[in-house]
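Taken together, the values in this text are just the output of simple stated rules run on the coordinates, not laboratory data. Note that the structure is a prediction, hence the values are computed from the model and not measured. Here Cβ is always computed from backbone atoms with ideal geometry, including for glycine, and neighbour counts include all displayed protein chains.
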Amino acid sequence: MTTEDPGPMPPATDSPADVRLDPATRTTTHLGHIFHIAGTPTVQEAAAALVEIPDGALTVDDRGRIVYCGPRRTRPAGPARTERVVDHGDAFLLPGFVDTHIHYPQTYSTDAYGGGQLLEWLTACIFPAEARLADPAFARQIARDFTARRIAAGTTAALVFGSAFAVAQHALFTETRAAGLRIVSGRGIQTVGPDSAAPLLTSDADAIAMATDEIDEWHCADSGDPTTARLQTAIIPRFALSVTADTLARLGDLYAEVRPRGVYVHTHLNENNRPGDGEIDSVRKLFGVADYLDTYDGKFLPGSAIGGESLLGRRTVMAHAVHCSDTELTRMAATGTSIAHCPVSQLFLGSGTMPWRRTVDAGVTIAAGTDVGAGDEWLIPRVLSDAFKVHLSEPGFASVALHPGELLFTGTLAGARALDMEERFGNFDAGKDADFLVVEPDRWPALAAALRYGIRADDPTAARDQTLFTLLLGLREPAITEVYVAGRRVQPPD
């Protein structure tokens, strides 16, 4: 339960961690049990960077930036008139979750039965569902519900695969701005496809014009600066089978023009490997390329010849990357291209398991994605739970038991890194925006019982890890009671 504290506690006089604030600085201090991944570690270093502060204090200034994260007894002392203290009791304070791959038009399409794997599911379920967003009233409804679900799941930042229709994208950005969440999104670009996708298709010229208009209208529309904006845009070809070589050439030209403005690229890569007629074989046959990634790297002509500008880079995120070659992983690492790892949807569509060790060893940033609606979980910790299970089940020496710190890193700081926004959020380092969640275990009794009565090691570090693991895997949406972005509590649409 959240209560107002009567005032600041004096810092311990013998602590070297004492922090002093300008007396004029107005702050809000949130008291609770803190977990976060401090600093700028790699995923291999996340366990060592894991911080637990059972009697924690998170102090936020009036700009929404973190000025202190540490024990409450040593929090910065300021005049009582300038400090508001909120005591969250036994609740946990966690960094906001970052979802690096989620489909807004599929809000109502979770658990849709398509009778097969990726291509069958798209044809039978998804293309018809996405066509409905052409209706402005339906678009407003789905945008509000999508935004509400994000808040309920504690997803403070998201890379969102958008609708084919400008009216639906307008609704999405409008609702997101009203709520105060962070978003990167762009209209889903398709210039070829089966009959069921016909309502979503445009000509190459219209695809470029609509993407350009969206970038001009919505990229950094809230602040005008990609280093501070919460609203940002992306160029999003659905996947290589939804576009032509001409489309890719034009998208490359567009991206070369808007890349300096901080625009993103997002698409799917190497998701489904059914032999013969699956996604990957179909891409290779259609374009005549050696690797699927070549189609996005400007090498989309037969023989992987260069046909245009590359779409890879620090602000490019590839969803899935389940069946990458070593060459593809090396190229992504070299260009700073990241992967949105979506184990829930990979299980749902029978796509396989992204090899954790091989991908990490290649140096590619791996962040978490729900992939709603093939993913039927909105909550990033449910994605992390499946990640733990599938990678533990990888064969032989590929098997790995992910550390709780690695899981928390993947769902928070790695997502900020994949979005090229690590300097702004992702953990509780001083100077970052205060994006965080309040988790009250008693709101989900099974979680509260597991935390209260579960076996804990005598070693404090092992006990810390056990507590975080239980918290992440046992967390459900009702236990997320408050969500903050830049220090401001966000609320679902009325």
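Here are some notes:
- Label point distance in nm, D494-D111, each placed 7 Å from Cα along Cα→Cβ: 3.2
- Estimated [θ] at 222 nm from DSSP helical runs (n ≥ 4, -39500 (n - 2.57)) normalised by residues in the chain, nearest 500: -9000 deg cm²/dmol
- Counting only DSSP beta bridges with both residues in region 97-418, the antiparallel share comes to about 5 percent.
- Proximal aspartates and glutamates to K432, defined as alpha-carbon separation beneath 17 angstrom and excluding residues fewer than eight positions away on the same chain: D61, D62, D225, D420, E422, E423
- Kirkwood radius for region 172-256, taken over all pairs of different Cα atoms as the inverse mean of 1/r, rounds to 13.7 Å.
- Neighbour-count ranking [beta-carbon atoms within 10 angstrom, fewest first] of V98, V51: V51, V98
- The peptide list 153-161, 381-389, put in order of mean Cβ contacts within 10 Å with the highest first, becomes 153-161, 381-389.
- Averaging Cα coordinates gives a centre for region 340-370 and one for region 177-244; these two points are 24 Å apart.
- Taking amide H as placed 1.01 Å from N in the peptide plane, E394 has its amide H under 5 Å from the amide H of V400, each at least 5 places away in sequence or on another chain.
- Less than 5 angstrom separates the built amide H of R274 from those of E279, I280, all sequence-distant by 5 or more or on a different chain.
- Cα pair distances in the chain, grouped into 20 Å bins until the bin that holds the longest one, percent each: 24, 56, 19, 1
- Region 166-321: C-alpha gyration tensor shape, a/c 1.5 cut-off, then a/b vs b/c: prolate
- Applying the criteria of a DSSP loop state and at most 12 other Cβ atoms within 10 Å to the trypsin sites (Lys or Arg not before Pro) of region 35-94 yields R63.
- For V289, V243, the sequence from fewest to most other C-beta atoms within 10 Å is V289, V243.
- Theoretical FRET efficiency, 1/(1+(r/R0)^6), r = Cβ-Cβ of R476 and R358, R0 41 Å, to 0.05: 0.80
- Full-extension gain in nm, D213 to K285, via 0.36 nm per residue minus C-alpha separation: 22.6 nm
- Amide H contacts of V60 (H built 1.01 Å from N, under 5 Å, at least 5 apart or other chain): T28, T29, H30, V67
- When only Cα pairs below 8 angstrom with a gap of at least 6 residues are kept, region 97-418 shows a relative contact order of 18 percent.
- Sorted largest first, the principal axis extents computed over the alpha-carbon atoms of region 449-494 equal 46, 22, 14 Å.
- Förster-model FRET efficiency, 22 Å R0, A48 and A401, C-beta, rounded to 0.05: 0.85
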